[in-house]
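Chemist: Attaching a single structure in structure tokens format; questions to follow.
The values are calculated or read from the model by the stated rules, or taken from the named source; none is laboratory data. All values reported here derive from a predicted model rather than from experimental measurement. Cβ sites come from the backbone with ideal geometry, for glycine too, and all protein chains shown count toward neighbours. Note: accessible area is taken over every heavy atom of the protein model, side chains too, but ligands, DNA and RNA are not part of it. Shrake-Rupley method; radii C 1.70, N 1.55, O 1.52, S 1.80 Å.
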Amino acid sequence: DIANVFGPVNTLIYNAGNGFPDSLDAFDADRFEQAWRLNQRQSAMHAQLRDAMALLLSGRFARAKKQALQANQHALSLSDESASRQHGLEVQSMALLIAAEAAQSMQDTPERERLVQAALDVPLPKSALHFKEGTVLRSARWTLDENDPHTSLQRLGTLSQGAQQGDFEPQSVLC
């Protein structure tokens, strides 16, 4: 079958030239091209996010931060289509958290705090608030590791009531 050999684009070209109605000749190439470009940008963004995480786990913190910030830039450039935009915001939040984790590993507290704040400022929909909760939990852990329990408790206090009733209790962590 020609579709299996050449893929959907070549199939459309093949079908359009072999007696199909003119409506297929008027295929909206512009929409197809926009969707293809969006798919390419999303693939590049995901590759950068995966690379950032792999670099972070392998101890290459400066490179991880750079890759995460590049993924963040790709996420910012996604179209305003609602599904793409929401996905871009989620990736943006994860990328900023990975960059903050890398900054923490490099002991760059001011940069870490800037990146945490940027991650918390991402306008996520209610269905994706767990990204913010993860950022708050990580930043609370970092401040606790720096012997700053007051700031850690303040950050934990910003969590939703449901998140505060999770698998841990903030008071038991500090005692």
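Chemist: Can you report the number of residues in the range 58-73 which are small (Gly, Ala, Ser) and under 15 Å from residue 112 (Cβ atoms)?
Modeler: 3
Chemist: Give the range 154-175 a look and list any residue that's open to solvent by 60 Å² or more (accessible area, probe 1.4 Å), part of a helix (DSSP H, G or I) and at pLDDT 85 or above, or say none.
Modeler: Passing the criteria: only 154.
Chemist: Identify, please: which residue in the range 87-144 is over 21 Å from residue 44 (Cα atoms) and outside any helix (DSSP H, G or I) and is, among those, nearest to the chain's Cα centre (by Cα)?
Modeler: That would be 124.
Chemist: With the requirement that a residue be without any contact (Cβ under 8 Å) to a residue 40 or more places away in the chain and crowded, with 23+ Cβ neighbours inside 10 Å, what does the range 89-102 give you?
Modeler: 92, 96, 100
Chemist: Among the listed residues 64, 29, which satisfies the condition of being open to solvent by less than 70 Å² (accessible area, probe 1.4 Å) and modelled with pLDDT of 85 or more?
Modeler: Unique residue meeting the criteria: 64.
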